[in-house]
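Trainee: Got a structure here, written out as structure tokens. Questions coming.
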Amino acid sequence: AQGADVHVQLSLGFEDAMRGGARSVAVTRQVLCHLCGGSGQLPAPERRCVHCHGAGAVKTTRGHMVFSRPCAHCGGTGQQARAHCPGCGGRRVEMHAETLSVTLPPGLHDGARVRMAGKGHAGINGGAPGDVYITVQVEPHPHFRRDGDDLHVTVPIAVHEAALGAKVEVPTIDGPARLRVPPGTQSGQRFRLRERGAPSPRDGRRGDLVVEVRMVLPKVLDERSKELLRE
């Protein structure tokens, strides 16, 4: 029988999920018993089978009829030369806690699953082991919002920058970038920076960064400010 799968969760910061790389995860799984190698029994001096009392067969009666079948515990030999393993109690497996190293691809999104083949619970009677499935929980970012492989960010601009045009600084996951705002830009207008978004975990291609500009009005604190606005 194939071994069961193991499911674990791994929390990542937004920047860590974008970069990817090696991480450690702690798992507790069933492995083959180190004493008996997964057989559940150990060699022992031959002794008479306690289940059939050395007869090699077990008899059952139904009414006036008597049925005889080979003893399942000694295989019909009447003798037992093996004993239950003291390490696993005959269960063939034992629990084992360990730390696994997994390499995460860059650009994982919240809820993504990463599979580690053959690292799950041990199989029985030569069966293949199960797998480990790691569910990634990505913490939200205070500025970026993800949509597929595209990232969205909102940037404030002043009235004169929107009216006359300007070059404003925009945050990206690679560091600050410069965005040219054309004259006459309206509040809520969006601009796209190509290949400045999240990398795809499948092929590594980058999405885009969608920048939405929001106009911020200045505070009018005195008469001079009012005169300047009127002018």
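Trainee: Tell me, in nm to one decimal, what length is gained between V159 and T77 on full extension, where the rule is 0.36 nm per residue of separation less the Cα-Cα distance?
Mentor: 19.9 nm
Trainee: How high is the relative contact order of the chain, in percent, with contacts defined as C-alpha pairs under 8 Å that are six or more residues apart?
Mentor: Once divided by the residue count of the chain, the mean separation gives 22 percent.
Trainee: Just to be sure I understand: with springs between alpha-carbon atoms less than 10 Å apart, which residue in V102, V170, V58 has the highest mean-square fluctuation in the Gaussian network model of the chain?
Mentor: Among V102, V170, V58, the largest GNM mean-square fluctuation belongs to V58.
Trainee: Of all accessible surface on the range 10-59 at a 1.4 Å probe, what whole percent is carbon and sulfur?
Mentor: Solvent-exposed carbon and sulfur of the range 10-59 make up 51 percent of the total.
Trainee: Further, regarding this structure: Rank V138, V159 by accessible area, highest first, at a 1.4 Å probe radius?
Mentor: Most to least solvent-accessible, the answer reads V159, V138.
Trainee: While we're on this one: Distance between Cα centroids, the range 13-33 to the range 102-167: provide it in whole Å.
Mentor: Here the two parts' Cα centres lie 14 Å apart.
Trainee: For K167 and S24, calculate 0.36 nm times their separation in residues minus their Cα-Cα distance, and state this gained length in nm to one decimal.
Mentor: Numbers: separation 143, 0.36 × 143 = 51.48 nm, distance 4.26 nm.
The span from K167 to S24 would gain 47.2 nm if fully extended.
Trainee: Also: Considering only protein heavy atoms, what per residue accessible area in square angstrom results for the chain with a 1.4 angstrom probe?
Mentor: So the chain comes to 63 Å² accessible per residue, rounded to a whole number.
Trainee: Can you work out the FRET efficiency for the pair E15 and R180, with r the C-beta to C-beta distance and R0 = 30 Å, to the nearest 0.05?
Mentor: 0.70
Trainee: If amide hydrogens are placed 1.01 Å from N in the peptide plane, which non-local residues have theirs closer than 5 Å to the one on A177?
Mentor: Result for A177 returns V170, T172.
Trainee: With a cap of 16 neighbouring Cβ atoms within 10 Å, and only residues DSSP puts in a loop, list the trypsin sites (Lys or Arg not before Pro) found in the range 159-217.
Mentor: Sites meeting the loop and neighbour criteria: R194, R202, R205.
Trainee: A further question follows. State the percentage of accessible surface on the range 75-218 attributable to carbon and sulfur atoms; use a 1.4 Å probe and exclude ligands, DNA and RNA.
Mentor: That share works out to 48 percent.
Trainee: What Kirkwood hydrodynamic radius do you get for the chain when you take the inverse of the mean 1/r over all pairs of distinct Cα atoms, in Å?
Mentor: 24.2 Å
Trainee: Suppose accessible area is computed on protein heavy atoms with a 1.4 Å probe; arrange L229, L209, L10 from highest to lowest.
Mentor: L229, L10, L209
Trainee: Same structure again: Taking R0 as 30 Å, what FRET efficiency do you get between Q41 and D5 from their Cβ-Cβ distance, rounded to the nearest 0.05?
Mentor: So, using R0 = 30 Å, E works out to roughly 0.65.
Trainee: If I model a spin label at H143 and S225 as a point 7 Å from the Cα along the Cα→Cβ vector, what separation in nanometres do I get?
Mentor: 2.5 nm
Trainee: Which of G54, G120, G90 moves the most in a Gaussian network model of the chain with Cα springs under 10 Å?
Mentor: Between G54, G120, G90, it is G54 that shows the largest mean-square fluctuation.
Trainee: In whole Hz, with x marking every Gly and Pro, tabulate ³J(HN,Hα) for the range 206-221 from phi via Karplus 6.51 cos²θ - 1.76 cosθ + 1.60, θ = phi - 60°.
Mentor: Using θ = phi - 60°, the values come out as 8, x, 10, 9, 9, 9, 9, 8, 10, 6, 10, 7, x, 7, 8, 9 Hz.
Trainee: Explain nothing, just compute: Karplus ³J(HN,Hα) = 6.51 cos²θ - 1.76 cosθ + 1.60, θ = phi - 60°, for every residue of the range 143-152 in order, whole Hz, x for Gly and Pro.
Mentor: Running phi through 6.51 cos²θ - 1.76 cosθ + 1.60 with θ = phi - 60° gives 10, 8, 10, 9, 9, x, 9, 8, 10, 10 Hz.
Trainee: To the nearest 0.05, how large is the calculated FRET efficiency for R190 and H109 if R₀ is 22 Å and r is the Cβ-Cβ distance?
Mentor: 0.50
Trainee: Full extension from R69 to V50: what is 0.36 nm times the residue separation minus their Cα-Cα distance, to one decimal in nm?
Mentor: Here the answer is 5.3 nm.
The values are calculated or read from the model by the stated rules, or taken from the named source; none is laboratory data. Keep in mind it's a predicted model, so treat the numbers as computed, not measured. For neighbour counting, all protein chains shown are included, and Cβ atoms are generated from backbone atoms with ideal geometry for every residue, glycine included. Accessible surface areas use protein heavy atoms only, side chains included; no ligands, DNA or RNA. Shrake-Rupley method; radii C 1.70, N 1.55, O 1.52, S 1.80 Å.
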